[in-house]
Amino acid sequence: MGKRVRIVHVINSFAFGGAEAMLCNLLLRTDFDRFEPTVVALIDDMSVAGPVLEAGIPLVTIGMRPGIPDPRGVARLAFHLRRARPAVVQTWMDHSNLIGGLATRLATRAKVVWGIHHSNHLPGITKRSTLMTVNACARLSRRVPTRIVCCSEHAGKLYAERGFDRDRLMIIPNGFNTGAFRPDPSARIGVRNELGLGAGATLVGLVARYDPFKDHGNFLGAAAVVKQKFPDARFLLCGGNVDRNNAELMAKIESLGLAAHCHLLGPRKDVARIHAALDVCVSSSVSEAFPLVVGEAMSCGTPCAVTDVGDSALIVGKTGRVVPPGDSAALGAAVIDLIALGPEGRTRLGIDARRRVRELFDLGAVTRRYEALYTELAGDAADPDAAATGTDDVEQEGVEEEGVGAASAVRG
């Protein structure tokens, strides 16, 4: 076996999210005969890191705090990278692109790959710190990264318009694990039993954390429209902060007369089971790049009604319904249309949806595209052992090794 390509993945944290899920999926399918991956999380949130740790993939945390710029975090990351001696550093979100890119340039000659997993940065919703970070990355995009991988066509277009180097932008879509996300007839009965519903109850779902970008108000407005046509329909909502302790969410539900029709489940680890139980999956977002939840539901054979944001329409194709964002009446009408197809019609549409995901967004094929990129860049890179002693030094005085917290032992 030849020398493996050392790759360090840098991500903000392992909180629930699309970029985090895609990184986990990629790591678990890595060809360990060819690649030697390690992971750095800037923030100590390990909510979805379990599979990575169980696989024995090295993971360390830097100890930064959300929303608080900390130059010491850059120094700690640079110190870690100098010791890791990677050929490639892959960063996964806007903040880790900036922090990881700068730390890499300070410490090594490794090739830098930025990851873009967002698209619209909407005024009044996007945090000011995020806007500043994206603007800084745009200015640095011609000097820091070798490639900028966008998870959607829409994100690539918008980031190019924001000033990112078009010559370095490329598209690798998110992929879906159609083995884990698959039709499951038993889930339909099991979830309805959990909710106290009959086996034939119509169940419409939104799987999303409570976040302005996900626009739960739009979903609830659509639910109110659906309820007028189908009074017995029920609406399942799950995700972070989606429970009855969320006063703002509960006020919206009660104002629309939906209290008896909504089931709030909070975060769930059995998302595949939830998707397989739904009659219709809804994505009501005002902004997305490449929503994993849509492809996951389609993989489970569940037709989707989505807003036309990011690459949602591209993912769904003709297997679901697409409406403008922020239009609850249109979204409700789309859900009504799918319910009216009946079980047989939705099953046929779900078969087409799953086939589309397998043909266009297979996780194995997406993984091979990332690995081909890393192989190409590693072939162009200088010897990482030599790179660590190059001229791009970082001052190490005062940077303690204890500043980097180990979350896993090195893979055997």
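What the table below lists for this structure:
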quantity	calculated
Top-ranked residue in the stretch 355-365 [being part of a helix (DSSP H, G or I) and buried (at least 20 other Cβ atoms within 10 Å of the Cβ); ranked as nearest to the chain's Cα centre (by Cα)]	Leu363
Check on Asp94, more than 22 Å from the chain's Cα centre (by Cα) and of a type in the set (D, E, K, R)	no
Residue, nearest to Arg268 (Cα to Cα), within the stretch 225-238, restricted to residues that are of a type in the set (D, E, K, R) and surrounded by 16 or more Cβ atoms within 10 Å (Cβ to Cβ)	Arg234
Unmet requirement for Val149, which otherwise passes all of (1) on the phi > 0 side of the Ramachandran plot; (2) surrounded by 22 or more Cβ atoms within 10 Å (Cβ to Cβ)	(1)
Identity of the residue in the stretch 110-131, touching a residue at least 60 places away in the same chain (Cβ under 8 Å) and buried (at least 20 other Cβ atoms within 10 Å of the Cβ), that ends up nearest to the chain's Cα centre (by Cα)	His117
Residue that is modelled with the highest pLDDT [pool: residues in the stretch 22-45 that are under 16 Å from Ser96 (Cα atoms) and surrounded by fewer than 19 Cβ atoms within 10 Å (Cβ to Cβ)]	Asp44
Per-region count, the stretch 239-252, residues among the hydrophobic types (A, V, I, L, M, F, W, C) and under 14 Å from Ser284 (Cβ atoms)	2
Tally, over the stretch 182-224, of residues that are of a type in the set (Val, Ile, Thr), crowded, with 19+ Cβ neighbours inside 10 Å and part of a helix (DSSP H, G or I)	1
Which listed residue, of Gly163, Gly156, Gly179, is loosely packed, with under 14 Cβ neighbours inside 10 Å and either free of Cβ contacts under 8 Å to residues at least 60 places away in the same chain or not in a loop (DSSP other than H, G, I, E, B) (or both)	Gly179
Residue match in the stretch 14-32 (condition: assigned to a strand (DSSP E or B) and assigned by TED's automatic domain parsing to the domain that holds Leu106)	no
Among residues of the stretch 184-216, those that are without any contact (Cβ under 8 Å) to a residue 24 or more places away in the chain and of a type in the set (Ser, Thr, Tyr), counted	1
Qualifying position, being of a type in the set (A, V, I, L, M), closer than 19 Å to Ala305 by Cα and in contact with a Phe, Trp or Tyr (Cβ under 7 Å, 6 or more places away or on another chain), among Val242, Val282	Val282
Strands (runs of 3 or more DSSP E) contained entirely in the stretch 239-336, each with at least 1 residues that are surrounded by fewer than 21 Cβ atoms within 10 Å (Cβ to Cβ), over 18 Å from the mean Cα position of the chain (by Cα) and not hydrophobic (A, V, I, L, M, F, W, C)	262-264
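To keep it simple, each residue is scored yes or no on (1) under 25 Å from Phe361 (Cα atoms); (2) small (Gly, Ala, Ser); (3) out of contact with any Ser or Thr (no Cβ under 9 Å at 6 or more places or on another chain).
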position	(1), (2), (3)
Arg72	no, no, yes
Leu77	no, no, no
Gln90	yes, no, yes
Lys111	no, no, no
Ile125	no, no, no
Leu131	no, no, yes
Asn135	no, no, yes
Arg143	no, no, yes
Ile148	yes, no, no
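The values are calculated or read from the model by the stated rules, or taken from the named source; none is laboratory data. Only a predicted model underlies this, so the values are computations on that prediction, with no experimental measurement involved. Here the Cβ is made from the backbone with ideal geometry for all residues, glycine too, and neighbour counts use every protein chain on show.
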